[in-house]
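> The structure is given below, and queries will be raised subsequently.
The values are calculated or read from the model by the stated rules, or taken from the named source; none is laboratory data. Computed from a predicted structure; not experimentally measured. Quick reminder, even Gly has a Cβ in these numbers, built from the backbone with ideal geometry, and neighbours come from all protein chains shown. With ligands, DNA and RNA removed, areas are computed over all heavy atoms of the protein, side chains included. Shrake-Rupley method; radii C 1.70, N 1.55, O 1.52, S 1.80 Å.
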Amino acid sequence: MSKKIIAYLFLMLPALLTTSCLTDQEDIFDKSASIRSAEYLENARKVLTSAENGWVMNYYPDNLQSFGGYSYVLTFDENNVTAYFVNGKTETRTLSDGSTEEVPVPETSIYSLTNEDGPCISFDTYNSYLHYFATPSSGEYEAKGGDFIFIILNISEDQNTITLKGNRSGNLVRLYRNTETPVKYISDCIAVTKGQLYETFVKDDVTMELDLESQQVTVAVGEETAKSSYIITNKGIKFYEPLTVAGRTFDSFDYNEANHSYTSKDIESMELVGKLPDGWRSYEDLAGRYRVGTADDAHICTITANGDGESYTISNLDSRLSGTATAYYKFTRGSFVISPQPMGMYGSSYYAWLIAISDNAMAWDTSIQFKGRNSATDPLTITFSGGEYTELWTYAFTDDPPTGDGRAGYFTQFESPFTLVRVD
């Protein structure tokens, strides 16, 4: 019997020791999770409201960053956020010497700090700047993939940088403590944007190509290339993430308007000088007759310069329609830009539109741009790219402006990529 008791006690020993250990353990946290969360959010509010000149926000909508990045300056009080936006409204201000200048106009709304899938900052009430990329329209029912709720990932130890993540897009968004007035920062961003006359910048074997509308960048070193999106800053441009090409890393460039160059100081000092692309044509040179497509039997359209140095009228773009379309001259490319637009009536019941097509959507937002790139040799061949939109169609709607419910069917699906070939 005594042997059985001893054996039994040996079997129970691990359980008794485990129980003893559990009894001796202490909670490593002094406070509950809810209290720790509340304190973190309160600290975040203190940091946000502590910046006298607000926070520069490098914001990227869309999970592929296909629209590029946009600069904001945000100032916070306990409940309100005031936003200055690089693409926002401006007003004319008269200076003491009688001259005038355009200054950014801010917009204020309510924000909150909440704990959803982690600590979040939410821009709760409508703000046309902060909700611009997240507000659907009839032409873009999913808007531009923007966010108005952001997860707070990190507040730097020096409290000068806050890293966020878009709740919808998953993009990283960074807030940097601003060192100058919000008006000055955004005005400088606007000046950089307006000062750019080139899209191609070169030095030796390094070439940087900027898409000034979608804010995408391609860097080539010799035959090797890499792509990213970028944002306009108060000094120049900064990439969404650093690009390493042929063992050389690029992240940001300062713009020099005087000689239209970009200087990189990331690893090596390098000045890339702007140049016009091969195939560049003047405004007057582009007028003429073109085949719509590359087939020898493609129908002919006529492009007439309107004499304003900016626009053209395209006749017979679609041989089934009597309406015309408008194209615009892009100096940096020396070529055309074509956007979705109305093309008159078809019969008495239908509105004809030129629309953009992507892999999973059709859009008639007139801000979408198909940008032409000219061939360097004759006959002049202009190939158009619309970013995420790969095709142009002419389409019939029963309402104007168009809605999804008013779709009646297409007239023509143009060749992809959309191409014009000069015939005289």
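> Scan region 247-275 residue by residue and report those that are among the aliphatic types (A, V, I, L, M), under 16 Å from V217 (Cα atoms) and open to solvent by 50 Å² or more (accessible area, probe 1.4 Å).
Scanning region 247-275 gives a single hit, V273.
Let's see how each residue does on (1) over 30 Å from the mean Cα position of the chain (by Cα); (2) outside any helix (DSSP H, G or I); (3) surrounded by 15 or more Cβ atoms within 10 Å (Cβ to Cβ); (4) modelled with pLDDT of 95 or more:
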| residue | (1), (2), (3), (4) |
| --- | --- |
| Y230 | no, yes, yes, yes |
| L243 | no, yes, yes, no |
| P277 | no, yes, yes, no |
| W280 | no, yes, yes, yes |
| T294 | yes, yes, no, no |
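> If you check S282, S229, S214, S252, which single one turns out to be among the polar types (S, T, N, Q) and free of Cβ contacts under 8 Å to residues at least 24 places away in the same chain?
Exactly one of S282, S229, S214, S252 is among the polar types (S, T, N, Q) and free of Cβ contacts under 8 Å to residues at least 24 places away in the same chain, namely S252.
> Condition first: touching a residue at least 40 places away in the same chain (Cβ under 8 Å) and open to solvent by 20 Å² or more (accessible area, probe 1.4 Å). Now tell me which residues in region 157-167 satisfy that.
Q159, N167
> Do you know which residues across region 116-147 are surrounded by fewer than 19 Cβ atoms within 10 Å (Cβ to Cβ), of a type outside the set (A, V, I, L, M) and touching a Pro at 6+ places or on another chain (Cβ under 8 Å)?
Hits for region 116-147 are S138, E142, K144.
> Look at region 191-227 and say how many of its residues are in contact with an Asp or Glu (Cβ under 6 Å, 6 or more places away or on another chain) and of a type in the set (S, T, Y).
Qualifying residue count for the region: 2.
> While we're here: Can you tell which of V73, V86 is closer than 30 Å to E241 by Cβ, in contact with a Cys (Cβ under 8 Å, 6 or more places away or on another chain), modelled with pLDDT of 95 or more and open to solvent by less than 60 Å² (accessible area, probe 1.4 Å)?
On inspection, the qualifying residue turns out to be V86.
> Identify all residues within region 181-228 that are open to solvent by less than 30 Å² (accessible area, probe 1.4 Å), of a type in the set (S, T, Y) and farther than 30 Å from F76 by Cα; write none if there are none.
Result: T200, S228.
> Consider V105 against the criteria (1) surrounded by fewer than 17 Cβ atoms within 10 Å (Cβ to Cβ); (2) touching a residue at least 40 places away in the same chain (Cβ under 8 Å); (3) under 24 Å from the mean Cα position of the chain (by Cα): it satisfies all of them except one. Which criterion is unmet?
Just one mismatch for V105, condition (2).
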